[in-house]
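Chemist: Below is the structure I would like to discuss, written out as structure tokens.
Every read-out reported here was derived from the displayed coordinates using simple, explicitly stated rules and does not represent laboratory data. Nothing here was measured: the structure is a model prediction, and the numbers come from that model. Every residue, glycine among them, receives a Cβ derived from its backbone with ideal geometry; neighbour counts consider all protein chains shown.
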Amino acid sequence: MNRLSLKGLLCDNAKSVCLGDVLMKRSEARRGSARAPPDASRHDSISMEESYVETKVEALEGNRVKVSVTIDAKQVDSRIKQAYAQAAKKYNFPGFRKGKAPRPVIDNALGKDYIAATVSDDLVNETYPVAIDDSDIYPVGNPKFDEEGMDLVANGKDFSFSFEVEVKPEFELSSYEPVEIELPAEGATDEEVETQIDQLREHYFELVDATAATKVKPENWVEIAIKATDDAGEDIPSITTESRLWGMDSTLLPQAFNDELMGMKKGQTKEFDIDVPAEADATVMTQALVGKTAKIHFEVEVKVVKKKVVPELTDEWTKEKLGFESVEDMRTRIAESIKAQKDDILPRMKELSCLGELAKRVEGEVPAALCEQYETQLLQDFFQQLQRQGMTFDAYLADQGVTADQFKDDVKQQAADNVKQDLALDAWARHYNMEVTDEDVAEEFVKSGVEDPAALEAEWRSNGQLHMVRQGVIRTKAVKDIMDKAVVTELDLSKKKDEEKKPAKKAAAKKTAKKDEAKAEATEKKPAAKK
């Protein structure tokens, strides 16, 4: 249920940002920036409290903000002094011992602006990520620095710089009332237990010969002889057979073949033609015939109609086939298994149901750029997982039975759904004034299981990534609040099945009503004498 778990990647979680991923993305973003990352070997990292005097955030158009940062002159002087000392130790200056060269000599050798430019870059790269965190903004992309308006550091002066960055948009919900969802009942119902028992019995079914007068129905099996020929009258060996046991739900041939068998009896023969489906719809037995023949001519004889017989539920059968002591023991064990499964999945089902309902309340169109960003992340995670499993993308598509286009559409939909859910959680948290404390953040690092949580938190702070932790914590709080307030209706599966059947009954009723209306209309139009 945690929306951002530091322990998480350290695991895989579609809703979590993991340490390795976040730090890797930050590293990539910094490499792609116009500014190089600071060289930690040149100086110690500085804390926010001692590094700048003021941070200002100005809202711009299009979900962008301008952040202005001012660094105290005292800190600037200290860093300039440190940079000169390090340069004196690092380079050899003729006439001076290592580490003893004065500033004019260093400026003359390296360039008068070298030290100032170095310190400026270091201060910007160290402080802008922390400024983002302390400004309580959530950037969506890399910052764009105001290079032209930025002066280099100078002794005795504050150092200021600014940057613009796109931030996460804020949306409102159409309602902040508790969501209403349906969930299966906790524990195991009698119907669920009986359903599983029936499935077990179905697994051990036997086929017995039906009477000669039995007509083929969807639940039957048949033993048939098949002669199949192509457009030229040539035999098709892959289909022709003297005897084949055929289930009426088989998909080896097009459904039209099964339809032709319906209603036949033992000993009856039948001839018919079936079109060869296009390659995209080809079945196992017609795949090799695509492009070779337009139709298949069949001569079929039904040798035997068979009916499926499931075993009788007795203590003896239960013990022999399934290893239970008795039917009652089996029911008890199945009920326990169902309950354990529900205990495991119901919380996640509840969360997904709540998020799905909440996302419907988001007002406005979600920015395409945000969906694309999430889509990229999903694809990166997906292909990394494929690589870990040693599976190719083509093999995955074949295993799932989907095309590349279907996969792409599915990823797009998942990305859009996830973004909408996250924005809905943000809106919920704002509406109910939820906050994240320093203790909440520290606790997340403790949960990560690392040896030194405080050191890791300090590292994330210097990297400007704490806003991601806060965002995860606040969304987790919102999820919990939504789930606690949710109005849950117990889902009656038997009632649901009855409701699924109702449309057909209504359709039949409407059809009958229309017939009655037509009959009445025709009666009214008849001549009086004939009436």
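Chemist: Return the distance in nm (one decimal) between the two label points of a simple spin-label model at D190 and D343, each offset 7 Å from Cα along Cα→Cβ.
Modeler: That separation, rounded to one decimal, is 2.4 nm.
Chemist: Over region 79-138, what is the mean sequence separation of C-alpha contacts under 8 Å (at least six apart), divided by residue count, expressed as relative contact order in percent?
Modeler: Relative contact order, region 79-138: 28 percent.
Chemist: I'd like the GluC sites (Glu not before Pro) in region 186-292 restricted to DSSP loop residues with at most 15 other Cβ atoms within 10 Å, sorted by number.
Modeler: Passing both the DSSP loop test and the Cβ count: E186, E219, E234.
Chemist: Please give, to one decimal in nm, the separation of the simple spin-label points placed at A109 and S175, each 7 Å out from Cα toward the Cβ.
Modeler: 7.5
Chemist: Using the crude model of +1 on Lys and Arg Cβ and -1 on Asp and Glu Cβ, and no other charge, please compute the dipole size for region 368-422 relative to its Cα centre, in debye to 20.
Modeler: The dipole of region 368-422 has a size of about 100 debye.
Chemist: Counting only other residues whose beta carbon sits under 10 Å from that of T437, what net charge do I get with K and R as +1, D and E as -1?
Modeler: Local charge sum for T437: -4.
Chemist: What are the GluC sites (Glu not before Pro) within region 392-497 that DSSP puts in a loop, where the Cβ has at most 16 other Cβ atoms within 10 Å?
Modeler: E435, E451
Chemist: Let me ask you something else. Starting from the Cα-Cα distance between R97 and A404, subtract it from 0.36 nm times their residue separation and give me the gain in nm to one decimal.
Modeler: Difference between extended and current length: 103.8 nm.
Chemist: List the pairs from K342/K485; K98/K144; K74/K100; K342/K420; K100/K144 whose alpha-carbon separation is above 32 Å, in the order I gave them.
Modeler: Result: K98/K144; K100/K144 exceed 32 Å.
Chemist: Step through the table entries K265/K306; K217/K303; K81/K112; K270/K308; K350/K408; K217/K321, compare each Cα-Cα distance with 21 Å, and write down the pairs that go over it.
Modeler: Pairs exceeding 21 Å: K270/K308; K350/K408; K217/K321.
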